[in-house]
């Protein structure tokens, strides 16, 4: 009798109707998870930036610099501070690099303080930060850990996992490429491959997201570096218009300097 | 329309070093896509002429301006932001048409080539382009 019941149960569960019931149950659980996630829909952009028609900061370079966090000197230990100061003093190298500097994508954390607009898609399994230049940060929230051993290697955006504490997304990022500078305007500022980033991303009001970032790097920093990035809701447009660097890139580096090519 | 070409100096903001901003003061500004080192931002040039072409493209939009020099019309390439940036500023692909009279202020190329970074623009009658309803 017990065997008969078991057979019936298996038949029910593996029948099309049974599988559908199970799938519906899974969907229901996922819908419940969705319902608990915050709604961060819309377009967002770093509050530090206000670009004019020229593509330059509308308030001028000095106003922009006063707002940017990543261009400030990191709290380096003595050894890294010495390397940083030496790089700053090498004006010839800086000038040569500036004369030919082009940027299309940004590494993390620079991407979080870039002028690119982005959308945030909060799914039960991951949160996606989708930027207008095509870059995407994947923050996995399905309970996984960072990959172990040889499955993990440094990349410009690093590897991010996260979890929710109420309506705040806690993001843990490691394995960021050490060769990447902190930001285009802080090109001599580096971190080691030991850098560990912890972000607390939350919506503080209808039009503002806030990212409290803590950087720990026992190799390069004397103390944790903590600062807050803010993002404003974009109201000037209601859809993402993607950008790219290849459609009509007329600024080319020729013989060590940038020139404008003919149309 | 009489076309003219002129070069004028603009007030250059004094370069002040903020405490804690040493990393930035030695590094030239960066546009969204490339360094601005190629442009002389202490100088402004006003181009008066007509639009030869308006390129609504990534990573930059461009206005090709035919401005009259002493020897005749000279073509200038004026770099702007991306379509996304221009759209947010009220510009659209048909804001500028071929043949439009235009007065455009630019920061010129340091190497003397006929190009520059867009600063502002108006129609022949002084109306700003971005304020014109589409």
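Only the coordinates and a few stated rules stand behind these numbers; no lab work does. In this text, all values refer to a predicted model and were calculated from it rather than measured experimentally. Cβ atoms come from the backbone with ideal geometry, glycine included; neighbour counts cover every protein chain shown.
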- [ ] For a quick protection proxy, order the peptides A:29-36, A:251-258 by their average other-Cβ count within 10 Å, most packed first.
- [x] A:251-258, A:29-36
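Rounded to the nearest 500, what is the 222 nm mean residue ellipticity of chain A from helices alone, with -39500 (n - 2.57) per DSSP H run of 4+ residues and division by all residues?
On the way: 5 runs with 62 residues, N = 263.
Only helices count here, giving -7500 deg cm²/dmol.
Find, to one decimal place in angstroms, the Kirkwood hydrodynamic radius of region B:45-134, where the mean of 1/r is taken over every pair of different Cα atoms and then inverted.
Values: mean 1/r = 0.0767 Å⁻¹.
Value: 13.0 Å, from the Cα pair sum.
Please say if region A:212-263 is rounded, prolate or oblate, where rounded means a/c under 1.5 for a ≥ b ≥ c the square roots of the C-alpha gyration tensor eigenvalues, and otherwise the choice is prolate for a/b larger than b/c and oblate otherwise? Don't skip to the end; give the middle numbers.
On the way: a/c = 4.40, a/b = 1.45, b/c = 3.03.
Note, shape of region A:212-263 comes out oblate.
For the ranges A:143-151, A:227-235, A:157-165, what's the packing order if you count other beta-carbon atoms within 10 Å of each residue, average per peptide, and put the highest first? Intermediate results must be reported in sequence, preceding the final value.
On the way: A:143-151: 9.0, A:227-235: 16.6, A:157-165: 18.7.
Ranking the peptides A:143-151, A:227-235, A:157-165 by packing returns A:157-165, A:227-235, A:143-151.
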Task: Helix A:2-14 axis, angle to chain A major axis (alpha carbon atoms, nearest 10°) - done: 40
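For peptide B:82-94, compute the average count of partner chain beta-carbon atoms within 10 Å of each residue's beta-carbon.
Mean shielding by partner chains, rounded to a whole number: 6.
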Task: Top of A:48, A:23, A:183 by mean-square fluctuation, Gaussian network on chain A, Cα under 10 Å - done: A:23
TODO: Kindly rank A:101-108, A:242-249 from highest to lowest mean number of other beta carbons found within 10 Å of each residue.
DONE: A:101-108, A:242-249
Open item on the list: For chain A, take the longest principal axis of its alpha carbons; what is the angle in degrees between that and the long axis of helix A:78-89, to the nearest 10 within 0 to 90?
Closed with: 50
- [ ] Determine which residues of region A:212-252 fall in the zone a paramagnetic label at residue A:79 would reach in this model, i.e. backbone nitrogen under 18 Å from the point 7 Å along Cα→Cβ.
- [x] A:216-224
Task: Cα gyration tensor, region A:107-263 - rounded (a/c under 1.5), prolate or oblate - done: oblate
Task: Peptide-level mean, for A:236-244, of C-beta atoms on other protein chains within 10 Å - done: 4
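Roughly how large, in nm² to one decimal, is the mean projection of the convex hull of the alpha-carbon atoms in chain A?
Working: hull surface 83.9 nm².
Average projection, Cα convex hull of chain A: 21.0 nm².
Starting from the Cα-Cα distance between residue A:200 and residue A:223, subtract it from 0.36 nm times their residue separation and give me the gain in nm to one decimal. It would help to have the intermediate numbers written out before the result.
On the way: separation 23, 0.36 × 23 = 8.28 nm, distance 1.87 nm.
Length difference between fully extended and current span is 6.4 nm.
Taking every residue in A:246-259, how many Cβ atoms of other protein chains lie within 10 Å of its Cβ, on average? Walk me through the numbers on the way to the answer.
Values: counts 2, 7, 8, 6, 8, 10, 1, 1, 0, 0, 0, 4, 9, 5.
Per residue, the average neighbour count from other chains is 4.
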Task: Between region A:134-209 and region A:27-68, the Cα center-to-center distance that results, in Å - done: 16
Open item on the list: Can you tell me which of A:213, A:112, A:237 moves the most in a GNM of chain A? Springs connect C-alpha atoms under 10 Å apart.
Closed with: A:237
